[in-house]
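Chemist: Shown below is the structure under consideration.
The values are calculated or read from the model by the stated rules, or taken from the named source; none is laboratory data. Since the model is a prediction, treat every value here as computed from it, not as a measurement. Don't worry about glycine lacking a Cβ; one is built from the backbone with ideal geometry, like all the others, and counts go over all protein chains shown.
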Amino acid sequence: MQDRVVVIAGATGGIGSALAHQLGAQRTKLVLAARSLPRLEALAASLPTETLTVPTDITQPAQVERLMDQTLERFGRLDVLVNAAGAGVMKPWQKLEPGDLQAMLEVNLQGSFYTCQAAARRMQEQRRGHLCNLVGILGKHTMPLAAAYCAAKFGVVGFSKCLAEEVRRYGIKLTLFYLGGVDTGFWDTVALKVDRTKMLTPAMAAQAIRFALEAEPQAIPLEVNIQPESHVFF
Ligand SMILES: NC(=O)c1ccc[n+]([C@@H]2O[C@H](COP(=O)([O-])OP(=O)(O)OC[C@H]3O[C@@H](n4cnc5c(N)ncnc54)[C@H](OP(=O)(O)O)[C@@H]3O)[C@@H](O)[C@H]2O)c1
């Protein structure tokens, strides 16, 4: 992974930063993106590798285009996009407000769409690349209280599988990660009773992503499933 250029959207999150540390230890060149510049700079300062920090709101297509342009300007290539940005709202369906649905669709669905499309456009010219979307198990299975979140994450699976078929001819691979609960700040604001000791650790999630990134091109998985012991109480 030493010579690869990896863009991590949501780099300062629990999963994104664990991945940045594991890849950084391998001297992978990292492009770190999220909205908060101070958090990006603190992460970059803690990594033993070459980094570029690009404050980016992935719900804004122009900012996403700038992220990919700056990656190419700095490193001359873009090998991997890891979409680790996102947020969750878990509420009974009667209490979901239009703003809740809008927020879920904007960051989890549209944001992933914009980053994949912008990265794939550059990768198509290179005729190689790897797109990774952290869907979560709620992109494949349903759960009470997760109607808005599942709507967005099921959408990510839909567009990703279409995209994977279209870009395969250009040597671009795509992997969907259906991770169960991962013990990150994601759960701090989610109004759901969970046992965080039963979740995956961010390091485990990062290892699963590295498994796909380090596979030979012909062996890159389209889907990776990891389900920890049940951690949700009803
Ligand atoms: N934790 C889990 O149990 C779990 C399981 C399966 C899948 N996932 C998915 O994995 C991804 C990462 O989850 P996590 O647990 O690492 O979450 P997290 O710790 O809450 O981190 C979220 C990251 O996304 C960034 N972000 C949020 N909104 C953004 C926006 N509009 N533009 C750019 N960056 C944005 C945050 O930084 P800023 O706020 O500074 O922008 C932060 O870096 C999410 O898509 C989540 O749905 C999580």
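Chemist: Quick check on segment 141-150. Is at least one of its residues among the aromatic types (Phe, Trp, Tyr), surrounded by fewer than 18 Cβ atoms within 10 Å (Cβ to Cβ) and at pLDDT 95 or above?
Modeler: So far as segment 141-150 goes, no, none of its residues is among the aromatic types (Phe, Trp, Tyr), surrounded by fewer than 18 Cβ atoms within 10 Å (Cβ to Cβ) and at pLDDT 95 or above.
Chemist: Looking only at segment 207-220, decide whether some residue is surrounded by fewer than 13 Cβ atoms within 10 Å (Cβ to Cβ), modelled with pLDDT of 95 or more, part of a loop (DSSP other than H, G, I, E, B) and within 18 Å of the chain's Cα centre (by Cα).
Modeler: For segment 207-220, residues surrounded by fewer than 13 Cβ atoms within 10 Å (Cβ to Cβ), modelled with pLDDT of 95 or more, part of a loop (DSSP other than H, G, I, E, B) and within 18 Å of the chain's Cα centre (by Cα): present.
Chemist: With respect to Ala164, determine if the residue is assigned to a helix (DSSP H, G or I), surrounded by 17 or more Cβ atoms within 10 Å (Cβ to Cβ) and more than 12 Å from the ligand (Cβ to nearest atom). Can you show your working first?
Modeler: On the way: assigned to a helix (DSSP H, G or I): yes; surrounded by 17 or more Cβ atoms within 10 Å (Cβ to Cβ): yes; more than 12 Å from the ligand (Cβ to nearest atom): yes.
Yes, satisfied.
Chemist: Please state which one of Glu97, Glu65 is of a type in the set (Asp, Glu) and either under 27 Å from Gln207 (Cα atoms) or within 16 Å of the ligand (Cβ to nearest atom) (or both). Reasoning before the result, please.
Modeler: On the way: Glu97 fails: either under 27 Å from Gln207 (Cα atoms) or within 16 Å of the ligand (Cβ to nearest atom) (or both).
The unique qualifying residue is Glu65.
Chemist: How many of the residues in segment 167-187 are in a strand (DSSP E or B) and surrounded by fewer than 19 Cβ atoms within 10 Å (Cβ to Cβ)?
Modeler: Going through segment 167-187 one residue at a time, the tally reaches 0.
Chemist: Out of (1) part of a loop (DSSP other than H, G, I, E, B); (2) of a type in the set (Val, Ile, Thr); (3) under 19 Å from Gln124 (Cα atoms), the odd one out for Val64 is which?
Modeler: Failed condition: (1).
Chemist: What residue, of Val156, Val190, is closer than 28 Å to Ala103 by Cα, within 11 Å of the ligand (Cβ to nearest atom) and part of a helix (DSSP H, G or I)?
Modeler: Val156
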